[in-house]
Each structure stands twice: as structure tokens, then as C-alpha cells.
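Trainee: Structure below; questions to follow.
Quick note: the coordinates plus some simple rules give every number you see, no bench work behind them. What you see is a predicted model, and the numbers here were worked out from it, not measured in a lab. Cβ: placed from backbone, ideal geometry, glycine included. Neighbour counts: every protein chain shown.
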Amino acid sequence: MKAMILAAGLGTRMRPLTLKNAKPLLEVGGKPLIQWHIERLVEAGINELVVNHAWLGEQIESYLGSGDRFGCSIQYTAEGEPMETGGGIFNALHKLIEHEDESFLVVNADVFCDLDFNAFLTPDLAEQDLGRLLMVKNPAWHAKGDFLFDQTSGYLQSNSGESLTFSGISLLRGRLFHHCQPGVFPLAPLLRDAIAKNQLQARKHLGFWSDIGTPERLDDVNQMLMRGAVE
């Protein structure tokens, strides 16, 4: 299985830190955010990666290179302008899978999470399913959440269940993008359509997760790492 790391965001909420630095290269615990993901993926045996980028993307390619020093191979998809999550994944799909029934992992570069990727990927998706999302408890800054989760069935639902926040980590099947065309488009409508058809699983993550969306959140995670509160 291959994995895609989404690294094409402009990082506007992180300014001024991202005026001259690509957001995925901002450091947490002394190393870039994106490096944490790569190391965890390699530990899980996932060593074929695709990274998309836009703003200051040359910095990302310069730092990561071919991926050899991390024990993996990295391909890149450069976006002149960010294509949003859906468009960015669709643009890279040919590097991730050979046919649409295959699955691949997607990780937002700007989240920090202690997830065991092997546990998240097991078992395989059911034949009819289009994906599995990692969900987390709603943080204070996103109290309404994103989707409703039915713990009993293990699927996201349209009208009932516990409100949770999408972590930015997912296992997706190529068929999710079957009707898509190249261009700029969000991922959320595709996910909602899959939910309506009861084809999107979810796992609730009980460990640590943070969206590094502001300088304050970056500082908070760094402080927690210094105190040993997060591994």
C-alpha cells in the first residue's frame, strides 16, 4: 500500500511563520511535522509515498529528497495553485494506485497524531466500502464536529451518532473518485455521498491528536512534548 501526504496548503493561519517557510517543515519536537508522519509510516511498513505541494514546495522537495534517508521512496505532485484536498488527491491518483479497487492512505501534513497506522489499516475494507476515516473528539475550536459516528456499526451516518471531528487521516479506495474530473474540488462532498450510502467506515482515536493550524497550537504541542506528555 502507498500513502499520500497532503502538503499543498498555503498556511495562511500560521503566518508570519509560513511567509518564508513551508508549513509542513515547521518543527515539532525538533523536527519538521512532515518528518514525523514519514517516520511513523515507514515504521508501519509503508515506504512508497506521494507528497503534493504548492506554496514553497521546492523547500519540501529539497528537505525530503528521494526519501532514501528516511527509508522510503517519495514521489511529488507539484500544484501551481492548491487544488483543494479532493483535487490534489485525484491529481496524484495515478501515482498511488493502478486500479480503482485499490486503497491508499492519506495523511494531512499539518496534523500531529500518535496513531499506530498498522492498527488503523486492519482489517481490510469491506468490498463495498469506499474508505475509513480516523475521527477524534471535537476540539474546542471545532465544537460542532464534522460527521456522525455510529460506534455499534463502525460506520459514519448522516442523521444519527456521536459528533466527531475528521482527523485528516484516512484510508480511501480509488472508487471514491470514480466520477471526478481533473480540477480544483474539495473532498468533503465525496465523503458525504459515501456516508449517505453507508460506505464509509470510521475509527475513533483515543490517543493524542492536534491540528497544527495556528502558531498557538504549534507552541502547545511543543510544550507538551517537552513535558513528556506526548510521545
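Trainee: Phe149's amide H: which non-local residues (gap 5+, or another chain) put their own amide H closer than 5 Å, with H modeled 1.01 Å from N in plane and none for Pro or chain starts?
Mentor: Gln157, Glu162, Ser163, Leu164
Trainee: Could you sort out which of Lys31/Lys197; Lys2/Lys204; Lys95/Lys204; Lys137/Lys197; Lys31/Lys137 sit more than 31 Å apart by Cα distance in this structure? Don't jump to the answer; show the numbers that get you there.
Mentor: On the way: Lys31/Lys197 41 Å; Lys2/Lys204 22 Å; Lys95/Lys204 29 Å; Lys137/Lys197 24 Å; Lys31/Lys137 26 Å.
Pairs exceeding the cut-off: Lys31/Lys197.
Trainee: Using the count of nearby Cβ atoms within 10 Å as a rough guide to exposure, how do Ile38, Ile195 rank from fewest to most? Don't skip to the answer; put the middle values down first.
Mentor: Numbers: Ile38 24, Ile195 21.
In order of increasing Cβ crowding within 10 Å: Ile195, Ile38.
Trainee: Among bridges DSSP assigns within the range 3-227, what percent are antiparallel (round to 5)? Don't jump to the answer; show the numbers that get you there.
Mentor: On the way: 22 of 42 bridges.
Antiparallel bridges make up about 50 percent of those DSSP assigns within the range 3-227.
Trainee: If neighbour count is taken as other Cβ atoms inside 10 Å, put Lys2, Lys204, Lys144 in order from fewest to most. Intermediate results must be reported in sequence, preceding the final value.
Mentor: Details: Lys2 19, Lys204 15, Lys144 7.
Fewest to most other Cβ atoms nearby, the residues stand as Lys144, Lys204, Lys2.
Trainee: Cut-off is 10 Å between beta-carbons; in what order do Thr214, Thr165 appear when sorted fewest neighbours first? Intermediate values should be presented prior to the final figure.
Mentor: Working: Thr214 14, Thr165 19.
The most exposed by this proxy come first: Thr214, Thr165.
Trainee: Excluding Gly57 itself, calculate the net charge of residues whose Cβ lies under 15 Å from the Cβ of Gly57, where each Lys or Arg counts +1 and each Asp or Glu counts -1.
Mentor: Working: positive: Lys20, Lys23; negative: Glu58, Glu61, Glu79, Glu81, Asp110.
Neighbourhood net charge equals -3.
Trainee: At a Förster radius of 25 Å, what calculated FRET efficiency corresponds to the Cβ-Cβ distance of Asn138 and Asp219, to the nearest 0.05? Don't skip to the end; give the middle numbers.
Mentor: Working: r = 21 Å, r/R0 = 0.86.
With R0 = 25 Å, the Cβ-Cβ based efficiency is 0.70.
Trainee: Explain nothing, just the number: dipole magnitude of the chain about its Cα centre with +1 on each Lys and Arg Cβ and -1 on each Asp and Glu Cβ, in debye rounded to the nearest 20.
Mentor: 460 debye
Trainee: For the pair Arg192 and Asp101, how long in nm is the line joining their label points, each one 7 Å along Cα→Cβ?
Mentor: 3.1 nm
Trainee: Over the chain, what is the relative contact order in whole percent, taking alpha-carbon pairs under 8 Å and six or more residues apart?
Mentor: Once normalised by length, the contact order is 24 percent.
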